[in-house]
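Bear in mind these aren't lab numbers, they're just calculated from the coordinates by the rules spelled out. Everything quoted here is computed from the prediction, not taken from an experiment. Note that each Cβ is placed from the backbone with ideal geometry, even for glycine, and that neighbours are counted across all protein chains shown.
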């Protein structure tokens, strides 16, 4: 199935937004495999939107009218995961007072999304392999086979091939599940999408708070968002933006806080029993302390950008590689500083 012709793609929950090359390439790959009735593995860092991608896979597939069932495998103990996946009969174990339908039965005719699939214990992997190969399993406490038609979509942020080499994941199961492996791009590789997502989250938060008007980020705040590493990816960006919106007194967002756990008191000395007589001396200003930190950082970035572009004969992809940036990130910074780093300057 081909990608929509629109440059900006919006998913059903309005959070899969993007216009960067990395994002659009991932969406094209996802759309291509969605109609093919085979398992898919989604590999990505935390917060990159693996469940959202699985949901889109389902609704672009021929199973879209069937159920979309999810299970986070990391939240269950090894003793419970089999019963959760395959169900159990009454009396199968202590506390099993009635028959329970498992996730595989609930997903019959649709898609089963197994998040953190690398956490599944080996015993349960054996039964999943049987379902993949034969479309049948037995509930816990029963020997009667139950037939199902389920497409499995797995997700993880670990290297399953390494787990398989360590014999912590069945190689046969990995072979069956990896018909297609899709890697979700981290947000740091999607420079063009950061402010697109930030404005989306800010508008939605403002609406949730009952405020009128659309919030706007100051140029300094936008620069900080675009320059941050985003180890928590989209989920972290969403938290940062929503926090900034609710703290802002006006429609202009000036401040963004990346780490809410930094205490304002950690660097304060222990209070003296009576500190009224403590003399506080103001240190003299030096040349190096004059001017804002943000301006000094901007001047340094401009200098590094101009030097890298000149050294690479203004080949922007080579300059991005030299600076340790993605092409999208380099383009974003060139757009940010404008004529200061224009081709031919310096």
At q = 0.26 Å⁻¹, what is the base-10 log of I(q)/I(0) for region 44-115 according to the Debye formula with one equal point scatterer per Cα and no solvent? Please give it to two decimals. -1.13
Normalising by the residue count of region 300-341, find the relative contact order in percent from Cα pairs under 8 Å and 6+ residues apart. 36
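What order do you get for 67-74, 248-255 when each peptide is scored by the mean count of other beta carbon atoms within 10 Å, highest first? Present the calculation step by step, with values, prior to reporting the outcome.
Values: 67-74: 17.4, 248-255: 13.4.
Ranking the peptides 67-74, 248-255 by packing returns 67-74, 248-255.
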More than 22 angstrom apart: percent of Cα pairs within region 21-185: 41
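Length gain on complete extension for the stretch residue 295 to residue 51, per 0.36 nm per residue less the alpha carbon to alpha carbon distance? Write down the numbers at each step before the final one.
On the way: separation 244, 0.36 × 244 = 87.84 nm, distance 3.98 nm.
That pair, residue 295 and residue 51, stretches by 83.9 nm at full extension.
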On full extension of the chain, what length is gained from residue 228 through residue 310, given 0.36 nm per residue of separation minus the C-alpha to C-alpha distance? 27.0 nm
For all pairs of alpha-carbon atoms in region 191-253, what percent lies in each bin of width 10 Å, listed from the first bin to the last filled one? 23, 59, 18, 0
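If one computes P(r) from the Cα atoms of region 300-341, what percent of pairs lie at distances over 14 Å?
Values: 302 of 861 pairs.
Of the Cα pairs, 35 percent sit more than 14 Å apart.
I need to check one value: relative contact order of region 21-185, counting alpha carbon pairs closer than 8 Å and at least 6 residues apart, in percent.
Working: 308 pairs, mean separation 55.8, N = 165.
Worked out over region 21-185, it gives 34 percent.
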Label-point separation (nm) for residue 162 and residue 126, each offset 7 Å from Cα along Cα-to-Cβ? 2.8
Three principal axis extents, largest first, for the C-alpha atoms of region 115-155, in Å? 29, 20, 13
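Could you give the length gained by full extension between residue 29 and residue 75, i.e. 0.36 nm per residue of separation minus their alpha carbon distance, to one decimal place?
Numbers: separation 46, 0.36 × 46 = 16.56 nm, distance 2.95 nm.
The span from residue 29 to residue 75 would gain 13.6 nm if fully extended.
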Euclidean distance of C-alpha centroids, region 290-334 and region 157-174, integer Å: 40
Determine the equivalent ellipsoid of region 21-72 by diagonalising the alpha-carbon gyration tensor, then write out the semi-axes as square roots of 5 times the eigenvalues, largest first, rounded to whole Å. 18, 15, 9
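Given an 8 Å cut-off on Cα distances and at least 6 residues of separation, report the relative contact order of region 169-262 as a percent.
On the way: 77 pairs, mean separation 28.0, N = 94.
For region 169-262, the relative contact order is 30 percent.
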Would you calculate the separation in nanometres between label points at residue 322 and residue 175, each defined as 7 Å from the Cα along the Cα-to-beta-carbon direction? 4.8
